[in-house]
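As structure tokens, the structure follows; a few thoughts come after it.
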Amino acid sequence: MPKVNKLKEPDDILLKQVFDSLPDGIIILDKSFSVINLNEAAQNIFNISRKKAVNKEPSTFLPEEIEETAKKALSEERTIMEEESNPRLRGGERISVQTIASPLFSDKGDLQGVILQIKDLAASKFVNERTLQQLSSSSFEGFFIGLAHELKNPLSGIRGAAQILSNDAEDREAKKCAEIIIKEADRLRDLIDKFKRLEPSAKDSFELVDIHEILTEITFLESKSSNQNELNIIQNFDVSLPPISGDENSLKQVFLNIIKNAKEAGSSKVTIEISTRWITDYKFKNENAISIDIKDNGAGISKEAIEKIFTPFYTTKKEGTGLGLFLAYQIIAKHGGAILVESEKGKGTTFRVYLPIKK
């Protein structure tokens, strides 16, 4: 019996455990191009169970690009490695993967099939992005909280002195200058108040919150504040999602900022699609997670702007402070999650927020 068939019904429990614990997706095909086996990672990447895939043609779930790579390795009897690609699953969702297809031979050198190794690049990218967010969150947070505290007292003194000058000044120009000082001091105080929202919250003070209630409340208010002919909000909620642990007001601030940005991304008819779903293909620190996608049909964001979008004070708006997305970034990092942005000029933007579900 060829070696490859040993994986049809593994007698060795340890072998099966190793096979299913591999981080990359593994799919084994026989010479007639029928699925012999696939591990848990492959099931997660392609949203199919082992029971439904085994003894079936891979075309029932594999994207055409990956299938062609496997056929090439089989026909040419050599390993084929494809760099990053973004094939579309049969259900329509795009994935980001790296594929290696290698021919399988028996002890006698006879060609028996092909093995596919699929690395989920989206998952590894997410882990890397999340690590960077945690690091930057820690350094930014410490700096800005310290700065806010240092500025608070002298700013109060400046405003108080300007108030006295404004009340006592007889010269009209001097009075006007004092009023400008008061106005600018108030503006700076507002910025400091925003920085103070970065104050670390004790995790044990987090409560279970319903992410759908938060999103529904925000979208209701935003739709009422806009002309119905100018804004269309579509909700695709996974009702099976459980409550998450977090600070409700902070999370409202995050999604309000993102949705407001989406509203301002288009000049005429704006469509915002908000979707929630389970994350099944990877976990944060062995915790389940959910994602909230907010997609608009706006003008899109340039690659250069995306690299700076979470930087404090960076803004492309005339009246913007450049703090909204920076604060959102920090708040989500404090909740153990991450924010990623995908955009293409002229084709809209998607903000994807990941949040863990505590066991």
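For the stretch 292-327, the tally of residues that are at pLDDT 85 or above and either under 14 Å from the mean Cα position of the chain (by Cα) or part of a helix (DSSP H, G or I) (or both) stands at 4. When the stretch 55-79 is filtered for residues that are buried (at least 19 other Cβ atoms within 10 Å of the Cβ), touching a residue at least 12 places away in the same chain (Cβ under 8 Å) and not in a loop (DSSP other than H, G, I, E, B), the ones remaining, listed by number, are 58, 66, 69, 70, 73, 74. For the stretch 339-359, filtering for residues that are more than 24 Å from residue 271 (Cα to Cα) and either at pLDDT below 85 or assigned to a loop (DSSP other than H, G, I, E, B) (or both) leaves 3.
The values are calculated or read from the model by the stated rules, or taken from the named source; none is laboratory data. Everything numeric here is computed off the predicted structure, so don't read it as measured data. A quick note on method: Cβ atoms are made from the backbone with ideal geometry, for glycine too, and the neighbour counts reach across all protein chains shown.
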